[in-house]
Amino acid sequence: MPDAFADAEPVGDDTAPSGLDALTPTQLRTLETLKRSGDPVVFDPELIATLRDEMRAALDHFASRLDDRTDLWISKHKIASVLDCEEHHLVPDDFQWSPANAKGTIAHRAIQLMLTWRGEPTPTDLVDEAMARLADEERGIGQWIDTLSAGDDADVRGQTIDRVTKFMEDFPPLSKKWNPMTESSVRWPNAGQIVLSGKVDLVFGRPAHRESRKVIIDLKTGRPRPQHRQDLGFYALLETLAREVPPRKVATFYLDAGEAHAEDVSERMLRSAVRRTLDGINAIVELNAGRTPVRRTGVSCRWCPLADGCDDGRAYLDGIDDV
């Protein structure tokens, strides 16, 4: 199978310009950013084996420090949270669905439907169908959708249609040859007290023998943050551990700006992700054992439930506001 984006020639209809001529400037820029340039990417098998051995040994060591009844499910959010502010990390999660946080989940389902939809659906068609299917699931967001008032229903549909419209405008048409997938889950190892897990917004391509062809994409709104690159490093590491072939490239796509910030996967990225992941797990294990949490200020102070009573957090936010 051709490398995803390597020789991309999206398909248009017979009455419109075809191929690259049919793409908007933003779609062309996206394609140029994500496509392969240069020789095929093949990682040293010894590097992959070393990374897996190091991670396996580290997880076994951390597990030996846990109570036998304690299991840890490690995600990119937990790693980022504990390395950001340990006090905030320990605050009980009181997550509740809202139009603002539901739009991403609904948009991902809508994009998933778009991949196999016959004809040319509108963003409204996709969002309506996505919400109907999610409402049929008697758990999580499905229960929430089923109880929406008319106003909240209109609100979440409007926000999600905006997100799906921007994706359709900014991405080239998704060729089946690219093997596109949405909400693709991966975890490693498959058993044990400590399991790393992730769910990727978009994946294109698949490896051929040891050649790296996969592209991992995270969809975001708002401004770029250093954590976004670190999250992608975690995804690249997790893919490497589970499949033994690293992805070729990772990227964050900012829907509001129509920009893809991409980075080639390298040994340096993978080793950095190993260190950051193990640092995070070590902190979680220590906090689980009763260590006093460390308070750190940062961007997360804006939505931290402890901010009103945290002098350090208030001073940090006041400083940002002054700038």
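For every residue, the table says whether it meets (1) at positive phi; (2) part of a loop (DSSP other than H, G, I, E, B); (3) among the charged types (D, E, K, R).
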{"residue": "TYR235", "(1), (2), (3)": "no, no, no"}
{"residue": "PRO246", "(1), (2), (3)": "no, yes, no"}
{"residue": "THR252", "(1), (2), (3)": "no, no, no"}
{"residue": "ALA260", "(1), (2), (3)": "no, no, no"}
{"residue": "GLU263", "(1), (2), (3)": "no, no, yes"}
{"residue": "SER272", "(1), (2), (3)": "no, no, no"}
{"residue": "ARG275", "(1), (2), (3)": "no, no, yes"}
{"residue": "ILE281", "(1), (2), (3)": "no, no, no"}
Margin query: Which residue is surrounded by the fewest Cβ atoms within 10 Å (Cβ to Cβ), if the candidates are limited to the range 285-294 and must be in a loop (DSSP other than H, G, I, E, B) and in contact with a helix residue (DSSP H, G or I) (Cβ under 6 Å, 6 or more places away or on another chain)?
Written below: VAL294
Checklist line | Given (1) farther than 30 Å from GLN159 by Cβ; (2) in contact with a helix residue (DSSP H, G or I) (Cβ under 9 Å, 6 or more places away or on another chain); (3) at pLDDT below 90, number of the condition ASP279 does not satisfy | finding: (3)
Note to self: Considering only the range 169-178, I want to know if a residue exists there that is on the phi > 0 side of the Ramachandran plot and loosely packed, with under 13 Cβ neighbours inside 10 Å.
What the structure shows: no
Check: On the given criteria, is ARG248 touching a Lys or Arg at 6+ places or on another chain (Cβ under 8 Å), assigned by the TED database to the domain that holds TRP188, open to solvent by less than 60 Å² (accessible area, probe 1.4 Å) and of a type in the set (Lys, Arg)?
Finding: yes
Check: Hey, any hits in the range 19-30 for a residue that's within 30 Å of GLU244 (Cβ to Cβ) and either of a type outside the set (Ser, Thr, Tyr) or at pLDDT 95 or above (or both)?
Finding: no
Note to self: Exactly one of these conditions fails for ASP201: (1) part of a strand (DSSP E or B); (2) surrounded by fewer than 17 Cβ atoms within 10 Å (Cβ to Cβ); (3) touching a residue at least 24 places away in the same chain (Cβ under 8 Å). Give me its number.
What the structure shows: (2)
Note to self: Pairs please, first residue from the range 42-70 and outside any helix (DSSP H, G or I) and open to solvent by less than 80 Å² (accessible area, probe 1.4 Å), second anywhere and acidic (Asp, Glu) and modelled with pLDDT of 95 or more, Cβ atoms under 8 Å, 6+ apart in sequence or on different chains.
What the structure shows: PHE43/GLU267
Margin query: Can you find, within the range 295-305, the residue that is most open to solvent (accessible area, probe 1.4 Å) among those that are in contact with a helix residue (DSSP H, G or I) (Cβ under 6 Å, 6 or more places away or on another chain) and outside any helix (DSSP H, G or I)?
Written below: ARG295
Checklist line | Filter result (in a loop (DSSP other than H, G, I, E, B) and either open to solvent by 40 Å² or more (accessible area, probe 1.4 Å) or in the same structural domain as LEU278 (by the TED database) (or both)) within the range 19-36 | finding: THR24, LYS35, ARG36
Check: Do we find a residue being at negative phi, open to solvent by 60 Å² or more (accessible area, probe 1.4 Å) and in a helix (DSSP H, G or I) anywhere in the range 134-141?
Finding: no
Checklist line | For ASP39: the one exception among (1) open to solvent by 70 Å² or more (accessible area, probe 1.4 Å); (2) modelled with pLDDT of 90 or more; (3) under 24 Å from ARG210 (Cα atoms) | finding: (2)
Check: If only one of LEU278, LEU306 is assigned by the TED database to the domain that holds LEU196 and touching a residue at least 40 places away in the same chain (Cβ under 8 Å), which one is it?
Finding: LEU278
Item checked: Failed criterion for GLN159 (all others in (1) closer than 30 Å to ALA307 by Cβ; (2) loosely packed, with under 14 Cβ neighbours inside 10 Å hold) -> (2)
Checklist line | Selected residue (criterion: least open to solvent (accessible area, probe 1.4 Å)) from residues of the range 179-198 that are modelled with pLDDT of 95 or more and assigned to a loop (DSSP other than H, G, I, E, B) | finding: PRO189
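The values are calculated or read from the model by the stated rules, or taken from the named source; none is laboratory data. Note that the coordinates shown come from a computational prediction; the quantities given were computed from them, not determined experimentally. Neighbour counts run over all protein chains shown; Cβ positions are idealised from the backbone, glycine included. The area values use the complete protein model at the heavy-atom level, side chains included, leaving out ligands, DNA and RNA. Shrake-Rupley method; radii C 1.70, N 1.55, O 1.52, S 1.80 Å.
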